[in-house]
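The values are calculated or read from the model by the stated rules, or taken from the named source; none is laboratory data. The shown structure was predicted, so the numbers you read here are calculated from the model rather than taken from an experiment. Positions of Cβ are backbone-derived with ideal geometry, glycine not excepted, and every protein chain shown enters the neighbour counts.
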Amino acid sequence: MKIHVLPDEVASQIAAGEVVERPVSVVKELVENAIDAGARRISVRILGAGQQLIEVSDDGSGISDEDIELVIARHATSKLQKADDLFHIETLGFRGEAIASIASVSHFILTSRASGQESGARAVIDGGKLISIEKSGVPTGTVVSVKDLFYNTPARLKFLKREQTERQQIDGLITRYAMAYSNISFTLEQEGKPILRTSGNDDRREIIGQLYGSEFARQMLEVEFEDNDVEINGFISPISLTRSNRRELTFFVNGRWIQDVMLSSALLKAYQTFLMVGRYPVAILFIHLPPEDVDVNVHPTKAEIRFKHPDQMFALLQRAVRRGLLAFSPVPLVSVNTWKLDPEHEARQLDWNAHVIQPEPKSPAEISIMQEANGTPQTTGAMNLPGATIPLLRWVGQIGGTYLIAEAPDGLYLIDQHAAHERILFDKMTGQQGKMESQALLEPQVFQVPPQASRVLSESLEILNKLGFEVDEFGSNTYRVSAVPALFTGGDPAAVVRSVIEDCEEDETPLAGQMEAILAGRICKRMAVKGGQILATDEQKQLIRDLELCTSPRTCPHGRPTMIHLSVDLLERQFGRRGAR
Ligand code: ADP
Ligand code: MG
């Protein structure tokens, strides 16, 4: 093959792959352009999860009609003049790639009027080819409409995520920008439904309230920190307000939303010892430092940056967060220490030769005991599955308010009461034909969730209903819970519903068929007795009875073991009663 220079359209399409990977990346580029243009109002309209239409309108400075043709060319920018400028960038854009890239993979219409000009212009571009530029009577500002994204790059179309995922991403993006640019009024509409509207009055706490509910906003702690020319401010959650994932850690550096592992770990480090394992804070932090101390030209999407002094940044962020935490919340150091094992104890525990149950072939006698307990005859083969049943257990006692001790012909069993109860509830919930029994709340609870979570919740209402929760939509991003499963004991119903969906806001949302099991698993986790909870003897015995009836009594719905088995054989060997090997 002969070497040849690629036609401009092809080069643009290749570049487009880097800048605009998916609909949400287009939204990001267009919103950033509007911000750079000094807009006070930015409206975003989405159809077909962004594949059909992405329209961003702003009231910014606009583009003069002489420039409009240039804008469509690659590497055309008003924000950068010489290579040197790259080291002190104060705008969000600078590469001059976005518009050209987006226009090369869509039906693209740009309408704009520069401030001070009599009229504006409207340019139509199809797949990177300029079709027309006409004068147009429009208000000052810019409207960019992107239709049929990726229509001419079918390979890319195939790799797009589910529509629901894409919509969530767009919600999340606009939400964060609305927070970061609280002096700009943002409007987001998806599929004809208003999702978000902020006033632009510069009150971030008010926006948090709009997004997460006023109770949440009231609890968030403010961070205000300055050290030489670095400024860190924003909001962090108190240690009582946690999430089960780290997706709610947001960082803006010099007005740019970035993903940065170093910043996340500095933040988590500041919370260390305050939070339980597997729980994460919520934070949105805005860092300002001199532009020359950060390299923003690392990747075409500009979502990654490089700090000139990463170690210093790490230390500063940790200090800022720590200070924010200590200033506002009394730290329960005592309780943290109570749960820490002393090193000696820990060492001893490791020595302890306990092993998690590995189902072993059973003697015929044991099998018949199990069959009795289970009520159904089973084949020996089934015994070897990880889900195999357990022998009849004799209750012995409870230790540490956390583990139950039981004995069986084959040795000693230590049962984690929380994990075991989770399994029992899960089997009851999912084994039920039709709807779970509910109990009505005396006073229905109304609560608010962020737009992303709202989408998941509204699609899960039917499943929640089947599981015994009565939840209905009560307004935009607002819900009402009026009944809970009959099995439900204590706890705050609204908090349970919220925590049950918070994990689903993820990229890889499960298939519809799995959703019920996932939600049921989470609900059971919340409802199960906790470790550290003293149970009455009757309750302990009942728990063991119920566990014996489960189809997979040895693991909780999340796959953790519910019990540890110390076999007769193991005990005898440990005590030197039988030839220790
Ligand atoms: P960059 O933002 O990196 O400069 P873009 O391709 O995103 O590159 O935009 C090219 C140029 O088009 C910008 O530099 C700016 O001059 C102009 N432009 C794009 N969008 C807008 C807008 N909403 N308002 C005013 N000017 C805009
Ligand atoms: Mg740009």
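Structural remarks
- Tally, over the stretch 255-282, of residues that are more than 20 Å from residue 310 (Cα to Cα) and among the aliphatic types (A, V, I, L, M): 4
- Failed item in (1) assigned to a helix (DSSP H, G or I); (2) surrounded by 14 or more Cβ atoms within 10 Å (Cβ to Cβ), with residue 462 passing the rest: (2)
Residues are listed down the side, and each one gets a yes or a no for (1) of a type in the set (A, V, I, L, M); (2) touching a residue at least 12 places away in the same chain (Cβ under 8 Å):
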site	(1), (2)
5	yes, no
8	no, yes
12	no, yes
22	no, yes
27	yes, yes
30	yes, yes
34	yes, yes
37	yes, yes
40	no, yes
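- Condition broken by residue 144, with the remaining ones in (1) free of Cβ contacts under 8 Å to residues at least 60 places away in the same chain; (2) within 16 Å of ligand 2 (Cβ to nearest atom) satisfied: (1)
- Considering residues of the stretch 67-93 that are assigned to a helix (DSSP H, G or I) and either aliphatic (A, V, I, L, M) or touching a Gly at 6+ places or on another chain (Cβ under 7 Å) (or both) only, the residue surrounded by the fewest Cβ atoms within 10 Å (Cβ to Cβ): 83
- Test: residue 118 is of a type outside the set (S, T, N, Q), in contact with a strand residue (DSSP E or B) (Cβ under 7 Å, 6 or more places away or on another chain) and either exposed (fewer than 14 other Cβ atoms within 10 Å of the Cβ) or closer than 30 Å to residue 452 by Cα (or both): no
- The stretch 51-66, subset away from ligand 2 (no atom under 16 Å from the Cβ) and among the charged types (D, E, K, R), residue surrounded by the fewest Cβ atoms within 10 Å (Cβ to Cβ): 66
One line per residue, one yes/no per condition, for (1) within 7 Å of ligand 1 (Cβ to nearest atom); (2) of a type in the set (Val, Ile, Thr):
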| site | (1), (2) |
| --- | --- |
| 21 | no, no |
| 42 | no, yes |
| 53 | no, no |
| 59 | no, no |
| 71 | yes, yes |
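- Boolean, residue 49 is away from ligand 1 (no atom under 13 Å from the Cβ), modelled with pLDDT under 90 and of a type in the set (A, V, I, L, M, F, W, C): no
- The stretch 99-108, residues that are more than 8 Å from ligand 2 (Cβ to nearest atom) and crowded, with 20+ Cβ neighbours inside 10 Å: 100, 101, 102, 103, 104, 105, 106, 108
- Within the stretch 106-125, the residues that satisfy the criterion of being of a type in the set (Val, Ile, Thr) and over 20 Å from residue 38 (Cβ atoms) are 109, 124, 125.
- Residue in the stretch 428-448 that is modelled with the highest pLDDT, counting only those that are in a helix (DSSP H, G or I) and within 15 Å of residue 519 (Cβ to Cβ): 428
- Subset of the stretch 213-267 (residues that are within 11 Å of residue 283 (Cβ to Cβ) and acidic (Asp, Glu)): 248
- Set side by side, the residues 48, 96 differ, and just one is within 10 Å of ligand 2 (Cβ to nearest atom) and surrounded by fewer than 20 Cβ atoms within 10 Å (Cβ to Cβ), which is 96.
- Among the residues of the stretch 227-249, just one is of a type in the set (S, T, N, Q), under 30 Å from residue 290 (Cα atoms) and under 18 Å from the mean Cα position of the chain (by Cα), namely 237.
- Selection within the stretch 77-115: residues that are away from ligand 1 (no atom under 12 Å from the Cβ) and touching a residue at least 24 places away in the same chain (Cβ under 8 Å). The member of this set that is farthest from residue 288 (Cα to Cα) is 107.
- Yes/no for residue 39 being under 30 Å from residue 164 (Cβ atoms) and at pLDDT 85 or above: yes
- Residue ID - nearest to ligand 2 (Cβ to nearest atom), chosen from residues in the stretch 2-42 that are part of a loop (DSSP other than H, G, I, E, B) and either among the β-branched types (Val, Ile, Thr) or on the phi > 0 side of the Ramachandran plot (or both): 20
- Residue that is surrounded by the most Cβ atoms within 10 Å (Cβ to Cβ), among those in the stretch 467-481 that are among the polar types (S, T, N, Q) and in a loop (DSSP other than H, G, I, E, B): 477
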